[in-house]
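Take a look at the structure set out below.
The values are calculated or read from the model by the stated rules, or taken from the named source; none is laboratory data. What you are looking at is a predicted structure, and each value in this text was computed from that prediction instead of being measured. Positions of Cβ are generated from backbone atoms using ideal geometry, with glycine treated the same way; all protein chains shown enter the neighbour counts.
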Amino acid sequence: MTTEIDPKGFRPINIEFLAKGTGESFDIFFRSDSENFVKFASTDPKHQDKVVRLLEEGEIEQEFFIKEEDLFKYYKFATQSLRTVMDNPNVPVETKAKKVYEVSKGVMKEFFNYNASSKILESSEEVMEMMEDCLSTADAGFAGISRITSKDYYTHTHSVNVGLYCMTFGTKVGLPKDDVKQLGLGGMLHDVGKSKIDTALINKNGKLNDEEFEQMKAHSPLGREMLTGMCCYKDIVINMAGQHHEKFKGGGYPLGLSGDEISMHARICKIMDVYDALTTRRSYKKALNTMETLTLMTKQMSNDFDPKLLELFIKVMGPSMV
């Protein structure tokens, strides 16, 4: 229980998700200093039971880690834990949504920041199902979603935010239940192609030059290829990844599509993508408020969006957002 090991390949976890989850167990570690980790609990059932017992007693305060190869097992635990929370009628809907958001953000952070296997994205489908359950059981408008989303721009948080905005829109306009879930998945995965783009380019402070922009544009077809190759996502999700930078009046990329040539779900995704980007802080720009954002989108960027969908978006956002 106290043998120190190589510090490479460890990931921080939210230990609370192990309290009510089920699945294949894994070793848990804590950091003894800046370079070394110490095993806190092995896969031995009595060690795992100790973790659960301490969690129930509220006695665990330090940060814990797992080995990188155990991430998939961990997120299986996390989604099972979320399902337990979701099934509890005494937990407020907003609390449920916040927990789903945190797990979603964790999945996307692993994928984008640590080059985790695309297998980890399999966790996103069940997570989006649970978020759809949240949204369908309450009048959760854009104001409610804005309260739980992070407004500091990182690719992983932006992806989750866009997924939640897409789901909220789909719920508010009465799309079929499966379409709402697929919209959420497509929004969450719309930028997966960026995992194939140079990290320095993704994180650049300031505007990209022409050469850099050409490199960045590759993320859209790359995302489409990745999701197609996984053989588990519907066309709705794949088209959102491949078409969310097309413009309604033409001139977008990668194919220069226009109007109905762009899938409806990709047209929805574009609105949510731009809305979240404009209302989010970045190191080189301040966040615009809702009114400033909608003015910019309707006045200066009107050719980019399906006008009927943009009008509907503004209508269903709710007065508290405007």
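Here are the criteria: (1) touching a strand residue (DSSP E or B) at 6+ places or on another chain (Cβ under 8 Å); (2) surrounded by fewer than 18 Cβ atoms within 10 Å (Cβ to Cβ); (3) in contact (Cβ under 8 Å) with a residue 12 or more places away in the chain. Tell me which single one Phe29 does not satisfy. Unmet condition: (2).
The criterion of at least 1 residues that are of a type outside the set (A, V, I, L, M, F, W, C) and closer than 26 Å to Ser104 by Cβ is met, among strands (runs of 3 or more DSSP E) falling completely within region 26-77, by 28-31, 64-67.
Which of the following residues is closer than 25 Å to Leu257 by Cα, modelled with pLDDT under 90 and not hydrophobic (A, V, I, L, M, F, W, C): Lys177, Lys207, Lys172? Don't jump to the end; show me each part of the working.
On the way: Lys177 fails: closer than 25 Å to Leu257 by Cα; Lys172 fails: closer than 25 Å to Leu257 by Cα.
Within the list Lys177, Lys207, Lys172, the selection yields Lys207.
Remark: Glu246 matches the filter, which requires a residue to be outside any helix (DSSP H, G or I), at pLDDT 90 or above and charged (D, E, K, R). Can you tell me which residue in region 81-115 is nearest to the chain's Cα centre (by Cα), limited to those that are of a type in the set (S, T, N, Q) and assigned to a helix (DSSP H, G or I)? Here the answer is Ser104.
Residue check: is Glu214 charged (D, E, K, R), surrounded by 21 or more Cβ atoms within 10 Å (Cβ to Cβ) and modelled with pLDDT of 90 or more? Taking the combined requirement at face value, the residue does not satisfy it.
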